[in-house]
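Enquirer: Can you read through this structure? Questions will come right after.
Every read-out reported here was derived from the displayed coordinates using simple, explicitly stated rules and does not represent laboratory data. Just so you know, these numbers come straight off a predicted model, no measurement behind them. Neighbour counts run over all protein chains shown; Cβ positions are idealised from the backbone, glycine included.
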Amino acid sequence: MIKCPQAFVMGLLLFTPLLCPHQARAQLDPWEFEVYPYATEPRGMLEVETDNAVVANGHSQGGNGTAAGTFRSQAMWYNGNELTYGLTDRIEGAAYLNFAQPSGHGFWWAGDKFRLRGRLFDQGTLPVDLGWYLEFEYHKTPQFDDAAWELELKPIMEKDFGPLSLIANPVFEKVLSGPGGNQGFEFGYRNGVYYRWTRYLSPGVEFYGAIGLIDDNDPLGEQQHYIVPVVWGELPHGIEYNVGPGIGLTPGSDHVFVKFNLELERFVGAIFGPTLERSWFF
């Protein structure tokens, strides 16, 4: 048992959304079932990643489960392709190209995303390692999401205890264009517990969910909450993977999906010089 105030705080951040009905949202991003750690891509490093999720047991009508548009979630395949580049020692930039294959339809372009992510201070400087995340999302409407443009903000919190890592990604999302554009922020979460067993095979558990508007949460039965046991590690040639089944915990969730993410890093050259030792942001 870990006797540490930081462990208690991180435990609350990880599990409170599952225990409190008023902290979840109706829709979440099915193209990116990923929990972001404190560490960013090193300066000059390029990462190519594909995030995939297939809904094995979902809903038969659009607007339910992970499907926020007119297509139903049952048998939906979500495919997000990402290029990430380490701009500085503390900041990375990324662009996404999202596709989906609804049941009974072909492969569709579903939208794009653009983001910046960074870390504050050096690891271990603070009791909990902190980072930040800023993203703009464009959706193909109305097939995949009624909202055309959305802004997503995420603080990133991580605490390591030897081989055990606790990570919390609270999600604050605002519709910029489309239905809901005159409303406030929605809240969600992407949290994870990971154990580094071996370089090639390690276990973990991830938690995803959302609450609707912060000041007007959706009824619990319409919210989405998922628990995802995963295995992760490294394959030959430096390819990293994260695979596992997602289990819905509420009627509004899809019942079962399977995620499989793959990524590959290569150094391509730095644009900016090294970060100064006294810098805590750039």
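Enquirer: What is the distance in Å between the Cα centroid of the stretch 216-236 and that of the stretch 134-157?
Expert: So the separation of the two Cα centres works out to 18 Å.
Enquirer: If you average the C-alpha positions of the stretch 61-107 and of the stretch 248-272 separately, how far apart do those two centres end up, in angstrom?
Expert: Here the two parts' Cα centres lie 10 Å apart.
Enquirer: Moving on. Long-range amide H contacts for Gly178: which residues qualify at under 5 Å (H placed 1.01 Å from N, peptide plane, sequence gap of 5 or more or a different chain)?
Expert: Amide H neighbours of Gly178, under 5 Å, 5+ apart: Ala148.
Enquirer: With +1 on the Cβ of every Lys and Arg and -1 on the Cβ of every Asp and Glu, and nothing else charged, how large is the dipole of the chain about its Cα centre, in debye rounded to the nearest 20?
Expert: My answer is approximately 420 debye.
Enquirer: Now for a different question. Any chance you could run the full-extension gain for His237 through Ala95? It's 0.36 nm times the residue separation minus the Cα-Cα distance, nm to one decimal.
Expert: Full-extension gain reported as 48.7 nm.
Enquirer: Based only on other Cβ atoms within 10 Å, what is the fewest-to-most ordering of Arg278, Arg43, Arg190?
Expert: Starting with the residue having the fewest Cβ neighbours, the order is Arg278, Arg43, Arg190.
Enquirer: Of the listed peptides 139-145, 126-132, what is their order by residue-averaged count of other C-beta atoms within 10 Å, with the highest listed first?
Expert: For the peptides 139-145, 126-132, the packing ranking is 139-145, 126-132.
Enquirer: Counting other beta carbons within 10 Å of each Cβ, put Leu249, Leu153 in order, fewest first.
Expert: Leu153, Leu249
Enquirer: Give the shape of the stretch 149-221 as rounded, prolate or oblate, defined through the alpha-carbon gyration tensor: a ≥ b ≥ c are the square roots of its eigenvalues, a/c under 1.5 means rounded, and otherwise the shape is prolate if a/b is larger than b/c and oblate if not.
Expert: In terms of gyration-tensor shape, prolate.
Enquirer: Quick one: the Cα spread of the chain along its three principal axes, in angstroms, biggest first?
Expert: 52, 43, 41
Enquirer: Follow-up question, since we're still on this one. Pop a pseudo-label 7 angstrom from the Cα along the beta-carbon direction at both Phe114 and Thr198 and give the gap in nm to one decimal.
Expert: 4.4 nm
Enquirer: Under 8 Å for C-alpha pairs, at least 6 residues apart: give me the relative contact order for the chain, rounded to a whole percent.
Expert: 22 percent
Enquirer: Quick check: the angle from helix 5-19's long axis to the longest principal axis of the chain, C-alpha only, nearest 10 degrees?
Expert: Relative to the chain, helix 5-19 is tipped by roughly 10 degrees.
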